[in-house]
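The next block holds one structure in the form of structure tokens; read it before the comments.
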Amino acid sequence: MSNLIDELRIKIIDTLRLEDVSPEDIGEENPLVGGDLGLDSIDVLELVIMIEKDYGVKIDNKELGARVFANVKALAVYIREKAPKGIF
């Protein structure tokens, strides 16, 4: 799980072009939306697209998105649960 969390930290930074953020700045349980990163709904949409493309996992409604994007750990758990067999 920690490998996926580390991978997601890097992908979040790359996808959103967060120049002043390092992977260590994204705590496992720190809020992604409304937290120190300052992510907004457009950022979340970009991350949803990246997750669908890279992991084959859909996040198709607002309620699910709020739960999944609570923090990077919740995102990793959801991806691991929903990813197609054999991806991990």
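Here are a few candidate values for semi-axes √(5λ) of the Cα gyration tensor in Å: (1) 19, 15, 12; (2) 24, 13, 10; (3) 30, 11, 10. Which one was actually calculated from the structure I just gave you?
The value matching this structure is (1).
Summarise the accessible area of segment 33-88 (1.4 Å probe, protein heavy atoms) by the percent that is carbon and sulfur. Walk me through the numbers on the way to the answer.
Numbers: 1840 of 3430 Å².
That share works out to 54 percent.
Local charge sum around PRO31 (other residues, Cβ-Cβ under 14 Å, Lys/Arg +1, Asp/Glu -1)? Each step should come with its number before you reach the end.
Details: positive: ARG67, LYS73; negative: ASP25, GLU28, GLU29, ASP36, ASP40, ASP43.
Charge balance in the 14 Å sphere: -4.
Going from most exposed to least, what order do SER2, SER22 have by accessible area with a 1.4 Å probe?
From most exposed to least exposed: SER2, SER22.
Skip the ligands, DNA and RNA, and give the accessible area per residue of the chain with a 1.4 Å probe, whole Å².
62
Treating only the Cβ atoms of Lys and Arg (+1) and Asp and Glu (-1) as charged, compute the dipole magnitude of the chain about its Cα centre; round to the nearest 20 debye.
540
Name the residue farthest towards the positive end of the dipole of the chain from the options ALA70, ALA83, ILE49, assuming +1 on Cβ of Lys and Arg, -1 on Cβ of Asp and Glu, about the Cα centre.
With unit charges placed on the Cβ atoms, the residue in question is ALA83.
The values are calculated or read from the model by the stated rules, or taken from the named source; none is laboratory data. In this text, all values refer to a predicted model and were calculated from it rather than measured experimentally. Here Cβ is always computed from backbone atoms with ideal geometry, including for glycine, and neighbour counts include all displayed protein chains. The protein model used for the area step is the full one, side chains on, heavy atoms only, and it has no ligands, DNA or RNA in it. Shrake-Rupley method; radii C 1.70, N 1.55, O 1.52, S 1.80 Å.
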